[in-house]
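Data block below; observations after.
Rule-based calculations on the coordinates, nothing more; no lab input. Treat the numbers as computed from the prediction; the structure is a model and nothing was measured. Positions of Cβ are backbone-derived with ideal geometry, glycine not excepted, and every protein chain shown enters the neighbour counts.
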């Protein structure tokens, strides 16, 4: 398979993994579509809307080769959302797909993967195509029907030649009532 | 376009049309996917679930060439669900897509198109592919995500060679609480 | 029991009853609270919200002496909402409490009881206290919690001395998206 | 006011308060109804259902003298649900009523107040009457309409003579899917 490495999605930077025996990389998933779901455990919109939606995605697309990966991207209340709390959260909410803690490198309140993908807050989802490039990025929660259609398109899509514009994030909902957008003063 | 007429979806039989200046046929839509949504105005599951879902489909797939067609398939309470009542119903529920009244030919309580497609009750949906053959038939209400994915697949699908088995209806939910399945004694 | 007849709620005027062996009057219910729920079968807000809410009221207050009475107050689409259609509607939606068709006297598009209570559209609810006077009138749908509290207060309330101002309707939601408010030009 | 101290509700035992300048006691609230809402921040049923319901109670009964008090009763995942995490949780979920952390005394995984009230898990609610005795205890989430009616009754109730049986907890829903019932082996 030939891919244009200049336009591949950025790689994950994870400090701790859950629900998987070994660390995952996006590179090793080239050939399969990946849904990367980023969240914080104290983000109301993540808990009430995007995490249940991800579980519906897992149910509807169970027979396909879609890979779902969670990523805990803490950019606020760092002392309140530790890996210990995350582990109990994943247990109580019965979240079974592989997930990681986005790497905090001390250079910013915003963790590394979140900066690499230029995500604006939580919940954000990045759908990565079979060719390893970004198919779609969203901030906030899409309608189930639109998301189901988009995932089906990623599953059906022939290998594309990735282009530079693929990596740009679109303008999703502002999610203002959840206080989960990155404040402008902290943005990478 | 070459199609195998033996395996095309059956044609509609309609006694009265709404929201369209001229009668529609499935034949003339070959080349476009069609979602045929069948309902009764006194079917609780249709009013609360499948009709709002059809409106979400119209919204999400507004930019595509999907054609939505409604069909009022009265198989019970015939005196209660006349075209006069249907017209007011469509007005109050703001249903704008083309729709027809399934032809009652006096040979059965079940109208003609409903018999041709061997539908089991309301709501039922028939997704017809670009080649004019039946892509999927469902009885009851699917999850939005699964339906969004299915419509996306019908939109993306290359022309298939229709086969005889395509026309068979699948086993959807029983919808028993809505009293809308055709009673065995009346089934065509 | 002494009541001040000048301030009693107006009496019902009904042309046909359902779910009861004999006609009902508000007078004969003095001593019990009555919830009078007015609706139209083609009113979307009635079907999706107020009728299910009335069924929750019947469930929660099943052990009390609250009497629920439905009233089909047709003020538009008269040919579409006949008693034949209403009867099938009540059957399919499993509405079991006593209900009547508000009397159309030919003097107005608005039926008689609706005019007597000065109701503004559908759904409207009139809660009548043990003393036979109007406890509360609402247009549109209240929150379950507020309505549950109000019914509990009517059940708990000692007999009041009705006053003239009790009969005034309050300002509920406008229900504009359902097209169910009485048009100003037809108002009684 | 005369009360029978033997049958008053047990007092709160709290290690840390939020949203209040001074500690609260149930004793000082005698004369007002109190809704004591117990929860854990990683309890799915609390986050999705009972906390939003408490906020609806605050809205509907804003004009009354009902006092709402929250209590974080951690009986599992103690390291994951610390006061630091609770504080961020209350901030992000915009919970403004006074709340406390139920006292962990090291004698049991179950904190002190939870043991005093013999609560079975989270969410649990204790409605305390104007006389300081327990009016109703529930485990799980009641319907809004029933809860609204119950709070209205507590607001309307004259002072009762508390009796010993008032303090018994009723049998609410099992909440089994949330893993939030106290395991039998840990029960006080």
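Take each residue in A:149-155, count the other chain C-beta atoms within 10 Å of its C-beta, and the mean is 6. The mean number of partner chain beta-carbon atoms within 10 angstrom of a residue's beta-carbon across peptide B:85-96 is 5. For the residues of D:45-51, the average number of beta carbons from a partner chain within 10 Å of their own beta carbon is 1. The distance between label points at residue A:48 and residue A:79 comes to 2.8 nm (points 7 Å beyond Cα on the Cα→Cβ vector).
Rounded if a/c is under 1.5, else prolate if a/b beats b/c, else oblate: with a ≥ b ≥ c from the C-alpha gyration tensor eigenvalues square-rooted, which is the range B:79-150? Verdict is oblate for the range B:79-150. Every pair of different Cα atoms in the range D:1-67 enters the Kirkwood calculation, which places the hydrodynamic radius at 14.2 Å. The other copies place their residue A:156 label points at 0.6, 5.9, 5.9 nm from this one, listed shortest first, where each point is 7 Å from Cα along Cα→Cβ.
In terms of its C-alpha gyration tensor, the range D:1-115 has an oblate overall shape, because the principal axis ratio a/c (a ≥ b ≥ c, square roots of the eigenvalues) is not below 1.5 and a/b does not outweigh b/c.
If you plug the beta carbon distance of residue B:87 and residue B:59 into 1/(1 + (r/R0)^6) with R0 = 22 Å, you get a FRET efficiency near 0.40.
Between identical copies, the spacing of residue D:116 label points, each set 7 Å from Cα toward the C-beta atom, reads 5.2, 5.6, 7.5 nm from nearest to farthest.
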